[in-house]
1. Please give the FRET efficiency for Glu234 paired with Thr61, using the beta carbon to beta carbon distance and R0 = 41 Å, rounded to the nearest 0.05.
2. Below 29 Å, Cα to Cα, which lysines can Lys208 reach? Residues fewer than 8 away in the same chain don't count.
3. Report, by chain and number, residues whose modeled amide H sits under 5 Å from the one on Trp196, excluding near sequence neighbours (fewer than 5 apart, same chain).
4. Near the amide H of Ala257, under 5 Å away, which other amide H atoms are found, from residues 5 or more places off or on another chain, if H is placed in the peptide plane?
5. So what is the relative contact order for the stretch 2-67, in percent, with contacts set as C-alpha pairs under 8 Å and at least six apart?
6. I'd like to know which of Leu29, Leu171, Met228 lies farthest towards the positive end of the charge dipole of the chain, counting +1 on Cβ of Lys and Arg and -1 on Cβ of Asp and Glu.
7. Calculate for the chain the 222 nm mean residue ellipticity that helices alone would give, adding -39,500 (n - 2.57) per DSSP H run of length 4 or more and normalising by residue count, nearest 500 deg cm²/dmol.
8. Mind giving me the nanometre distance, one decimal, between the label points for Ile267 and Gln8, set 7 Å out from Cα along Cα→Cβ?
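Since every read-out is calculated from the coordinates, none of them should be taken as a lab result. Bear in mind that the values here come from a model prediction, so they are computed numbers and not experimental data. For neighbour counting, all protein chains shown are included, and Cβ atoms are generated from backbone atoms with ideal geometry for every residue, glycine included.
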Amino acid sequence: MNICWYDQQQLGVVIDAMVYDVSAALEALPPALYPAAPGDMLIAHLDVVREAITRVLPGATAKPIDAVRFLSPVANPGKIIGVPVNYADHVAEANADQATFTDRYKGNITEQGLFLKAASSLVGPAEGVSLRFPERLSHHEMELGVVIGKTAANVSQADAMSYVAGYAIALDMTVRGPEDRSLRKSVDSYAVLGPWLVTADAIGNAQKLDIKLSVNGEVRQQASTAEMIIGIAEQIAWASSYYTLHPGDIIMSGTCAGVGQVLPGDIMQCEIENVGSMTVAVKSEQG
Ligand code: MN
């Protein structure tokens, strides 16, 4: 099932290039309590919401996907986890250009560890990326986004994939420079997730998907998730050995070679096999 948030925070299901308004399915959610349980409420109750979606779908109105504004398919993630240097060809390009990528970070992925992006950086594709520091270099990083479905603490690699709710296209936008990754990658709108969440049961083998990013029609990044140095299951096990993962937490699983600068007016086109495609505009923060 392809589940999205769109337009004025409506809940949608995407079938054959049409978005069905299934907002009525949100009534299946338990009443909100305060303090809230950690995590995204919809993802935490995805099973009951899916049942409700199936019930309301026959009476739902629909619009073509080209006529809706896609928001992030996870509304309230607790955290966004980044996986650095996880494709060999990206490691090579970063090592070859230390003026851009700096020599602050050394060693392989297990030596560098995971990083966190602020949840406040998250937007959907329709919102676009706003460059806050126009005098600095901002890069696109095209990645497979992994959305956690259940609370996970110290899970084994063998069990890890059963904690995945689904997948989406992710952009780990980055200001290049000497500061800590967490700061440079947490600018508002520097985490894009979309256009919808494809539930794990519908994706097949997530470790064998073609990913591609074009800017203004020119292909810049192209790879298969099979090329990851550390696979998704190991990422989940590793992350959950340090901190509890909650429903709706997002793992941006690493980027391949071809990262590059974006400027206001650029249009990024992102595609992942079996997930879909999304178009993301780059703007200056001044509008
Ligand atoms: Mn990245």
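1. It comes to 0.45.
2. By straight Cα distance, Lys208 reaches Lys79, Lys106, Lys117, Lys150, Lys185.
3. Counting only residues 5 or more places away or on other chains, the set is Ile169.
4. For Ala257, whose amide H was placed from the backbone, the distant partners under 5 Å are Asp89, His90.
5. Averaging sequence separation for qualifying contacts and normalising by length gives 35 percent for the stretch 2-67.
6. The listed residue farthest towards the positive side: Leu29.
7. After summing the helix terms and dividing by the residues of the chain, the value is -4000 deg cm²/dmol.
8. Result: 2.8 nm between the two label points.
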